[in-house]
Amino acid sequence: MSTNTPPHTRWGLTLATAVGAAAVVAVVLLAFLWPTVTSSVHNLPVVVSGSGPAATALNAQLDKAGAFTISPADGREAAVDAVETRDAYGAFVIAEDGSGIEVLTASAASPVVVQIMNQAAATISQGLAQQAAATQTAHLQAALASGDLSAVTAAMQPVAAPKVTVTDLAPLNPKDPRGTGLALLGLPLAMGGMIGGVLISLVVTGFRRRLAAAAVYGVAGGLGLVGILQGWFSILSGPYLLNALAMGLGLFAIAITIVGLESLLGKPGIPIGAVLTMFIGNPISSLTSPQEFLPGAWGQIGQWFVPGATGTLLRDLSYFPNASVGIHWLVLVVWSAAGITLAILGRHRDEEAVHLPAMLDDEPTQAPNLTSVSA
């Protein structure tokens, strides 16, 4: 009894597949590790309000730290506005009488930056105490040299160093005190949008049906995910429907981009869309650390991809109502429009989706053949 043995894959293709798979894994590892390994603390925008010797000394100390980009602010109100509009991560406000320094932070902007600001506040407090002690010692030495007993007595009086206080203008939700939920927001967004786009590309046929499926997916996904993030875990705050709109538009933008690429390029368009989302957009989205930490302009570039724009938009809607969010909405609209355009350009392709007969509308009946064949 003979059996038919299926043909084996050629050894060249077998080895090439294995090496190619290893290369893909290396690229994936590099995509997720590179932003973390190459990031460094630098160029954090902060403002300083105050003048005189105290401001000069404070600016010198902040410059020495090497972590900040310093801009002046005209009073505490201007400093608060800079933080609440996200023009700065924090501020240092010197009291008019020089009696203290108030450090303004925003935990919701970045818990990492708050730690840096707190360390700076502790360093400043220590430096001011040392400066006060050195000033008192100098005055005492001068009084002793003069031999004036009253001057010596006055110089021996304790000198209070300027007090340093910390005020958090945008604290995180108590149920997410470390901002972990916000930091991990990009992964379910990228994965969710990618899964929706892949399923619609493989199952749904027809431009209008694909567009409708992506739109319904965005609405349902936005309402559902924000319901979990805000209603259940309290990671997000602010208006629920506006958050749901932002999340839904992000999901739709990713899904319709993948659908559009698949419509235009065929099945190779699916991995291209996945790479754009998961291995480029998500790692440089700056959801886990400030965009200034990434080398070069990568932090800013990341905000032009859907994960970065959506994550920053949801953060601002939740904790920074005074921040300008128009650019983030624009990014999501542009990606959505690009995906729809790609789907329109590829709508006349003959390649069909993977489907089952039960999922399709009845095929149009063909016109009867009017020609007869004579025997």
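Some points to look at:
- Taking every alpha-carbon pair under 8 Å whose residues sit at least 6 apart, the range 193-331 reaches a relative contact order of 24 percent.
- Amide H contacts of V164: I101, each under 5 Å away and 5 or more positions distant or on a separate chain (H built 1.01 Å from N in the peptide plane; Pro and chain starts excluded).
- Sorting 197-203, 285-291 by average packing, meaning the other beta carbons within 10 Å per residue, from highest down gives 285-291, 197-203.
- Highest mean packing first, where packing is the average number of other Cβ atoms within 10 Å per residue, the peptides 77-83, 189-195, 16-22, 322-328 line up as 189-195, 77-83, 322-328, 16-22.
- Cα coordinate range in the range 180-354, projected on the principal axes (Å, largest first): 48, 37, 24
- Taken one residue at a time, the phi angles of the range 292-307 give Karplus couplings (6.51, -1.76, 1.60, θ = phi - 60°) of 5, 6, 6, x, x, 9, 5, x, 5, 4, x, 6, 9, 9, 4, x Hz. Gly and Pro are set to x.
- Gain upon complete extension [H8, H42; 0.36 nm per residue less C-alpha separation]: 6.6 nm
FYI, it's all coordinate maths here, none of it is from the lab. These figures come from a predicted structure and were not determined experimentally. Cβ: placed from backbone, ideal geometry, glycine included. Neighbour counts: every protein chain shown.
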